[in-house]
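Visitor: Pasting a structure here, questions to come.
The values are calculated or read from the model by the stated rules, or taken from the named source; none is laboratory data. Since this is a predicted model, take the numbers as computed values, not measurements. Cβ atoms come from the backbone with ideal geometry, glycine included; neighbour counts cover every protein chain shown.
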């Protein structure tokens, strides 16, 4: 991988310098979601992966010793009047296995609306969670 840096020279000229990224510079994460109905596990993993990619993280397909691990657990519970509560608990671990923190999301939805396709609900959940998850990860 190559990281680029811009160096300004003299009269507004810029030089693009390519420098290798040192192994310790790359931030990587493994994301695993369990308990979501329908395509929720894959949709949430994909949506959060895309959000972390935008922040410069490499996404691992398997747990790795040098990667942060983000575990999501989804729970649905009945609520009144054709609704249900959805709760997503995200637990974030450092590369050394230390728990860095938790992020919890709770929302009420129309009963059964996530039973098949999560679609934009996964994107919205990942966007909201990423804000707090990124606070727990180094920049």
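Visitor: Which condition number in (1) at pLDDT 95 or above; (2) surrounded by 11 or more Cβ atoms within 10 Å (Cβ to Cβ) is the one that residue 3 fails?
Guide: The failed condition is (1).
Visitor: Can I ask one more? Restricting to the stretch 40-54, give me the number of residues that are out of contact with any helix residue (DSSP H, G or I) (no Cβ under 6 Å at 6 or more places or on another chain) and over 14 Å from residue 72 (Cα atoms).
Guide: 4
Visitor: For the stretch 87-128, which residues satisfy the criterion of being closer than 15 Å to residue 30 by Cα and under 13 Å from the mean Cα position of the chain (by Cα)?
Guide: 90, 91, 92, 93, 126
Visitor: Sticking with this one: I'd like to know if the stretch 20-41 contains one or more residues that are under 10 Å from the mean Cα position of the chain (by Cα) and either more than 18 Å from residue 131 (Cβ to Cβ) or free of Cβ contacts under 8 Å to residues at least 40 places away in the same chain (or both).
Guide: Yes, some residue in the stretch 20-41 is under 10 Å from the mean Cα position of the chain (by Cα) and either more than 18 Å from residue 131 (Cβ to Cβ) or free of Cβ contacts under 8 Å to residues at least 40 places away in the same chain (or both).
Visitor: Right, next: Mind checking which strands (runs of 3 or more DSSP E) fall wholly inside the stretch 26-129 and carry at least 1 residues that are loosely packed, with under 13 Cβ neighbours inside 10 Å and on the phi > 0 side of the Ramachandran plot?
Guide: none
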